[in-house]
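Take a look at the structure set out below.
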Amino acid sequence: MAKTEDNLSSIVDPASKRAELSGNLPRIELRQLRYFLAVAEELNFTRAAERMGIAQPPLSQQILNLEQQLKVKLLIRGNRQVSLTPEGEAFILHARRIINNTQMAAEQLVAIRDGEEGSLEIGAVFSSLYTIIPTLLETFVERYPKVKFHLQELTVGQQLSALREDRIDVGILRGPVAYEEIETATIFEEPFVTVMSRKHSLAKENALDIQQIMREPLISLAATSSLNYRRQMFGALSNHMADLRIAHEVSDTHTLLGLVAAGMGISLVPASFSSIFTDQLVYRPLIGSTPKTTLQLAWRRESLTHTLGHLVSVVKSIDFGSREGRDR
C-alpha cells in the first residue's frame, strides 16, 4: 500500500506544473518592451525618452528592470552611445512580434465589436440566390470586406426553425413571419407570374387570366413547406379554390420548376423567378387581380449583433424593387 501511495505522489499534476512554470517566467510589461525598442532603434537614451514622451531617468530604470527580470544584459551603455548586446539583438525580434501581435489582437477585437469583422450564417430561399444575393453580398463586401459568410439554401420552414434554434444568424425568406421573437425587414414586394413549359399551348399568350389558369393542372408547394407562401401563390384564385386542379404538390421550388419543365402542369411563382431562365420554361404575367409575395430579411430580435446590424442597414440602403423591375 505504501508503494502505491509513493507512486501516486510521484505523479505531477499538469495544472500545478503549468502554474509552477508560469510563476518562474519574468513579469514583462508591454511598456518595458516599447521603451526597449525605442532605445534599440534610437541607440540613444535621450532621443528614446523624447520619442516616448517621458523623462530619461524613468526610461533608463525600466530598461534596467527589464534586464534584471530577464537576467541578461540587453544594452551596452557608453558615455556617448548605446549599443546592443547579442542578447539585445535577438530580443528585438521577440519584442516587435509581441507588440505587433498585441496591436493586431486589439484591432481585431475592436473590429469584431464594431461589426467590421466576424461571420454570418445566412439561409436563403431558392429565388434569392439568383436575384438579390449577388447584389447584396457584393455591396456588403465592399463595405465590410473582413466579414465571412456561410450561405445555404433553405426553404421558408427550414429557415424559421434554424432561426429559432440559433443555427443561422439571418434568413432571406418569403414573409410574413408569425413569430414574435423574429424581426423582419422587407426587401421588396413582387407579383406572382405564371410559369409553364415552353411547349405548353398557352406559351404563345402574352398574358393569362384566371379562367385560363383554372382549367390547367397546377403544381403547388405543399402546405407543410410553407402554408403562407402556398396561400399567396393562389391568392388571386382564392374564391375558386374548390375548382383548382392541384395535380402535384412538391416540397421545394427546384422540384416545382422541374415538373413544370416536364409538362406536368403549370404554376405561379414570384416574378423575380423570370430571371432564372431556362430553355424549357416561359413566364407570363397575370391579367387582373394579381397575388403578391414579400421577400424579407429575418433574424432573432435578441441575436442582433453589430455585424448583422450592418447587413440589415445594407439591405435597407439598396432599392431592390426598382432593380428587380429593371432586370425583368
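Placing a label point 7 Å from the Cα of Ile318 along the Cα-to-Cβ direction, the residues of the range 285-312 whose backbone N falls under 18 Å from that point are 294-299, 307-312.
Write out the GluC sites (Glu not before Pro) in the range 134-227 meeting two conditions: DSSP loop, and at most 16 other Cβ atoms within 10 Å of their Cβ.
Glu165, Glu180, Glu181, Glu205
Of the trypsin sites (Lys or Arg not before Pro) in the range 180-231, the ones in a loop by DSSP (not H, G, I, E or B) with at most 16 other beta carbons within 10 Å are Arg198, Lys199, Arg215. Distance between the modelled labels on Gln56 and Glu302, one decimal in nanometres: 6.2 nm (7 Å Cα→Cβ projection). Note on Lys204 and Leu70: the model spin-label points, each 7 Å out from Cα along the C-beta direction, lie 9.0 nm apart.
A dipole drawn for the range 141-188 from +1 and -1 charges on Cβ atoms has a positive end, and of Gly157, Pro145, Ile172 the residue lying farthest that way is Pro145. Here r is the Cβ-Cβ distance between His248 and Leu137 and R0 is 41 Å; the resulting FRET efficiency, rounded to 0.05, is 0.75. The label point for Arg77 and the one for Phe149, both projected 7 Å from the Cα toward the Cβ, are 5.9 nm apart.
None of the figures in this text is laboratory data; all of them are computed from the coordinates on show. Just so it is clear, the model here is predicted, and its values are computed rather than measured. Cβ atoms come from the backbone with ideal geometry, glycine included; neighbour counts cover every protein chain shown.
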